[in-house]
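For reference, the structure is listed below as structure tokens.
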Amino acid sequence: VGFALRASLLVKTHSSVDTFALSGGLADGSACSNELFLFRPPAYPMLLAGMIFVFGPHRPVAMLVLQHLLSVVTAVLIAAVAWALTSRRSVALIAGLLYACSLQAHSYANLVLTETPYTLALVGCVYLLVVFCRTGRTRLLVAASTVAGVACLFKPIGAYLLVACALAVVLRFRSKVESRNVETSKCQNVEKGRKVETGEHGCPTLPLRLT
């Protein structure tokens, strides 16, 4: 993170000018344009407004540090997803390092754009869904749905994560049904084995002796 910050500079794009204007309006309590709620997702301007309120409007380094920290957390979560899927440390380490060494990830962390926090929300939702499918804990599904909603506030395309949550519920339900069917078939086989041992009418079978 330190190396990335030393070689980084917070860059404002054409679309980020309006975002900074909206964030400044939220930070100083002035009248906020309806554009924030009509045309732009509100999460990123509100995040910028919080940074401006705490550190001031002329501290771009604070936003730069925050976005790089979010990128680091994303790399850790990617490694966690790989570990949850494979249970292999080498795979988890490689997955995390590949993202950590991605030039695109560092570039977007230097831009005033929603990609960095949205990616964190996306990977966090995927991790929670993977663990939910493996353990079946309902609270993980609730947390994944909440993170998916946060992703929607950063980018509207995050609504597809809600579809992923629904698919995770279907997969979990299907796995439960299959496991119950397997248990039922095992019980039936055990019962059949007992009937064979005791005979058709439940009486013990005696070995035939030739006289």
Could you check the spin-label model distance between Tyr160 and Val177? Points 7 Å from the Cα along Cα→Cβ, value in nm. 2.7 nm
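When only DSSP loop residues count, what trypsin sites (Lys or Arg not before Pro) in segment 71-150 have their Cβ near at most 14 other Cβ atoms within 10 Å? Mind showing how you got there, number by number?
Values: sites: Arg88, Arg89, Arg134, Arg137, Arg139; in loops: Arg88, Arg137.
The qualifying sites are Arg88, Arg137.
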Contour minus Cα-Cα distance for Leu93 and Phe39 (0.36 nm per residue): 15.5 nm
Potential extension, Ser107-Arg134 segment - 0.36 nm per residue separation minus Cα distance: 6.3 nm
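Please state the equivalent ellipsoid semi-axes for segment 85-185: what are the square roots of 5 times the Cα gyration tensor eigenvalues, largest first, in whole Å?
Values: eigenvalues 189, 70, 14 Å².
Each semi-axis is √(5λ); the values are 31, 19, 8 Å.
Rank Ser87, Ser145 by accessible area, highest first, at a 1.4 Å probe radius? Walk me through the numbers on the way to the answer.
Numbers: Ser87 70, Ser145 45 Å².
Putting Ser87, Ser145 in descending order of accessible area: Ser87, Ser145.
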At Thr86 and Ala62, where each label point lies 7 Å from the Cα along Cα→Cβ, what is the point-to-point distance in nanometres? 4.0 nm
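So for each of 107-117, 156-166 I average, over its residues, the number of other beta carbons within 10 Å; can you give me the resulting order with the highest mean first? Walk me through the numbers on the way to the answer.
Values: 107-117: 20.1, 156-166: 15.1.
Ranked by mean Cβ neighbours within 10 Å, highest first: 107-117, 156-166.
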Kindly identify segment 90-147 as rounded, prolate or oblate by the Cα gyration tensor criterion: order the square roots of the eigenvalues as a ≥ b ≥ c, call it rounded if a/c is under 1.5, otherwise compare a/b with b/c, prolate if a/b is larger, else oblate. oblate
For Leu69 and Val170, extending 7 Å from Cα along the Cα-Cβ vector and measuring point to point gives, in nm, a value of 4.0 nm
Please list the non-local residues whose amide H lies under 5 Å from the amide H of Leu111, H modeled 1.01 Å from N, same-chain partners needing a gap of 5 or more. Val11
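The values are calculated or read from the model by the stated rules, or taken from the named source; none is laboratory data. The structure displayed is predicted, hence computed values, not measured ones. Positions of Cβ are backbone-derived with ideal geometry, glycine not excepted, and every protein chain shown enters the neighbour counts. Side chains included, ligands, DNA and RNA excluded: accessible areas come from the protein's heavy atoms. Shrake-Rupley method; radii C 1.70, N 1.55, O 1.52, S 1.80 Å.
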